[in-house]
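Novice: Below are the structure tokens for one structure; questions will follow.
Bear in mind these aren't lab numbers, they're just calculated from the coordinates by the rules spelled out. Remember, predicted model here, so these are calculated numbers, not experimental data. A quick note on method: Cβ atoms are made from the backbone with ideal geometry, for glycine too, and the neighbour counts reach across all protein chains shown.
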Amino acid sequence: MPDAVDVIEVETSDSDEDEDILEIIPELTSNSYFPDVKSRKRKIAEIISDSSDEDIYDKLRELSVQPLSIPAKYFKKRSRETSSDSNRTPRMAWINADNTLPKIKQITYKFNGKPRRCERIARSGVTIDGFQYKIDDAIALPHSPPLYALIRSIFTLRFNDESFPDKHLVHVHFMKRSSSHNPSVRECELMLKHGQCQDVSIKQLQRGKKLDFALVSGPSTRGDAKYYCRHVDHASQSAIRQPVTQATFDNCDSCFHRNEKHKFDDPHTDKNKLTFGGMEFHLYDFVAIDPKIKGEPYHIGQVYKWKYLESGVSVHVRKLSRFNETVKADFVGFSSNRRLLLTDDYADFAVNRIMAKVHVAPSRDDAKILDPHIAFWCTERFNGSRILDLQKSLPLCLVCHQLEHTRCQDLQACLRACKFGAADYYSGAGGFILPGLEMFNWVSATDFDKVAYQTLYNLRHKAPNLQVHYGKVSVLFDHTKSHGSADKRKSLPPPGSVFLMTGGPPCQGHSRVNPQNNASIPGGARSRDPRNDELWVMLAEVYRLRPYIVIIENVAAFKDEKGGDKGDGMNSNYARSAMKDLARNGYSSRLGLLDSRSYGSPQNRVRLFILAVKDGLPLPDFPAPTHSNPKVTATIFGNDKNGKIQPFYIGQRNTPGTALHSAVTIKDAIGDLEAFEYLPLPGVARLSRQPQIPAYNGGRSLRDGNGTRIGPGNVKYASPPQKDFQKEKRGNRGSVKDHYTSYVTDGAKKIIFEDARTSNPRGPNRRAVFSDGFSTLLTASAPGQKGTAVIHPTQDRKFTIAERKRAMGWPDWHRLAGTPLDQDRLTGNGVCYESVQAIYMSIVNTIILPWWLNAGRPTDDVFDKFKADHC
């Protein structure tokens, strides 16, 4: 049926409000992230100091930090001579598809600086002088450079006050060209700019140029269209993602995310419920509260009431304290971070300090059933001087408690049913495999290092379907392309056979620890390291294997500008190049810098992760930090420019470094391991404080050479587990088998016994501190080299292999092959257990669990059903 038309006449004018200069000003501003004016100004200054002009505009625009007019260089007036008939009245007609009446709703719209009530009449399209413009068409607006815009809705505003004329508007989402290392392929690809949309006069359509354009979704192709758009470039969060389509926002991704950003601005209350930030809180719920101190864990309180004040909604809570915070430092025995004590302290907090709902079970056994990341137990109270048993259980919201109990049961059932296939590349010691043993069916691992290969082979008792490949990924890839995947011993998995693909291509060519990669060091910044091109080998394997999820890990310098393109040098950022390459091949992706200590690791280890999903799947967020981090340098979304991490915490409500649980310290991690020391050099006395500790000659054995092991080796634990971390890593073992170090030279001994004892030793020569976290482990463990604080806090030696494994979060049962020097290298090149586990859980909660529940909780042929639903 042909479209029906409703002919209207619209006069053009030269009034100021109809000028063809678009001043894009955010409709909403938010103080959610900046509670005071000084803080907001400081954050803006930090963006401006570290960013290019276009970056400044993009980030401030996305964050709605303040009203902002786009610089004049972006918006130049169109010359009058370019349109000889610019003053002619165009003939316009509405297009009403299928003769349906337009949708009408009452709204409030800001007009002439004041909110006014009006009818919003939705239109399917409009014809202007014979040219049709419909929703999802694209235009180039008349500016220099051109402004590309995607039409998201067309509508008329009919004001209740009839003295105001009708306004005919088009809501557009702005786009930009996608720069690429291969212009011939992507010169006509456009990307939506996150958070940048505007209502413009319908006359802009007549003044602009309609594009030959296709909006591509999912696995669709662009067809014959000259221009096309598939993704949103979410610059401030380093993501290239598919747009979210929400009917309530006329399918405008920008409007949807603006609304999400401001959902914390307007809490609602009634007698028994507080709604805030998309969360519901009830009386007697337990909440986590921002302490407003960097590096501190959240306060925990039980909601007793709330009330409106002039400054906003205030929540009245009874505080609970952690057992660890209450007992004395010399307490001996197991002390769980999840054990809470009820106090007699009451406090009022502004509602915007509530970070999340937590669950406090009435017993330790009940807490075991719940999610350990957000569940505690409380059976005692603290009266200020003594710990007493509660006479009765704390009141709680039974509905919320039961919902959480059901959610955890569903999650466990899903993990049992959905052990989808996974393959790891550049596997090293198996850092990606270990956290996923209970979540995925690992079928393939690869490495060309013999020691890594043997370590991976030993993992087969935990992953029985694991096929370990020895060799370079490029060689294995070529063999598989030529001969197929029939021979599992020599070939990589067949296309479509795995859900998850992980890998950490070699980092040595990127790491700033390597002087040859650092332009600030004389003789540094050499030409491109050939090992860096392994990234393109991994991406080629992605496009052959076609997994649903891809995780790429590397050092933070993976984002440095160093010639990361595959071709003519136009795009020299490896991480950004990889994300654009993934986008061109049907994957959305996001990038994050994650510090493992923020997820429960005892080590401050910042690593870059690219998380990619097949188009059509929701792109998971990187997990929010679970543990406080006193040394946090940036959020998971921290952008760096030319290798510099910007001190700007994007998308984060809480105080930087704060989280639900306390930071895990070195003592928490290794306090249960047996003590021993090295014998000092001749003439240097052992410290009298610990004469009873066994001492070993730390030198290199002539018989064993590089295989020299210094220490007790296989030894029983010094005590029962004292902390949650120790208990988790020990499992059911009664001893640890690799409590030894590699040998040390006389020069290293001098540092340990002399330099480290001075009042102010420098970084490579100083001891670690029990109350801090481990510094980032490197491949060499000796003091005096590149590593910082590699000497044990209280014992005259460096850290053992068992202690380095604890620093990585790897379980004690995981045996590393090779000599102690090899094992130092494996740990220094590894990826931390806790940060990877957190990413996996984000994938499960965002993709696998919702699908499994909607699919009817299948238990047979589950992956085949998943593939059938995601063709």
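Novice: Could you tell me the convex hull volume per residue, in Å³, taken over the Cα atoms of region 110-150?
Specialist: Hull volume normalised by residue count: 134 Å³.
Novice: On a C-alpha basis, how far is the centre of region 770-820 from the centre of region 316-382 in Å? Whole number, if you could?
Specialist: Cα centres, region 770-820 to region 316-382: 32 Å.
Novice: Next up: Show me the chymotrypsin sites (Phe, Trp or Tyr not before Pro) within region 439-509 that DSSP assigns to loop and that have at most 16 other Cβ atoms within 10 Å of their Cβ.
Specialist: Phe448
Novice: For region 435-442, just list the computed ³J(HN,Hα) in residue order, Karplus coefficients 6.51, -1.76 and 1.60, θ = phi - 60°, integers in Hz, with x standing in for Gly and Pro.
Specialist: With the stated coefficients, region 435-442 comes to x, x, 4, 8, 10, 10, 9, 6 Hz.
Novice: Let me ask you something else. I need the Kirkwood Rh of region 717-844: take the reciprocal of the average 1/r across all distinct C-alpha pairs and report it in angstrom.
Specialist: Radius from the Kirkwood sum: 15.6 Å.
Novice: Going through region 300-403, which trypsin sites (Lys or Arg not before Pro) have at most 11 other Cβ atoms within 10 Å and a DSSP loop state?
Specialist: Passing both the DSSP loop test and the Cβ count: Lys328, Arg386, Lys392.
Novice: Related question: Shape of region 225-264 from its Cα gyration tensor (a ≥ b ≥ c, root eigenvalues): rounded if a/c is under 1.5, otherwise prolate when a/b > b/c, or oblate?
Specialist: Oblate shape, in that a/c is at least 1.5 and b/c is the bigger or equal ratio.
Novice: Using the alpha carbons of region 268-414, what is the convex hull volume per residue in cubic angstrom, as a whole number?
Specialist: It comes to 140 Å³ per residue, whole-number rounded.
Novice: Just how large is the dipole of region 678-828 about the Cα centre, in debye to the nearest 20, putting +1 at every Lys and Arg Cβ and -1 at every Asp and Glu Cβ?
Specialist: Value, rounded to 20: 160 debye.
Novice: So, one more: Counting Lys and Arg as +1 and Asp and Glu as -1, each charge on the Cβ, what is the dipole of region 666-752 about the Cα centre in debye, to the nearest 20?
Specialist: 60
Novice: Looking at region 273-348, which chymotrypsin sites (Phe, Trp or Tyr not before Pro) are DSSP coil and have at most 12 other C-beta atoms within 10 Å of their C-beta?
Specialist: Here the chymotrypsin sites (Phe, Trp or Tyr not before Pro) that fit, given the DSSP loop and packing criteria, are Phe331.
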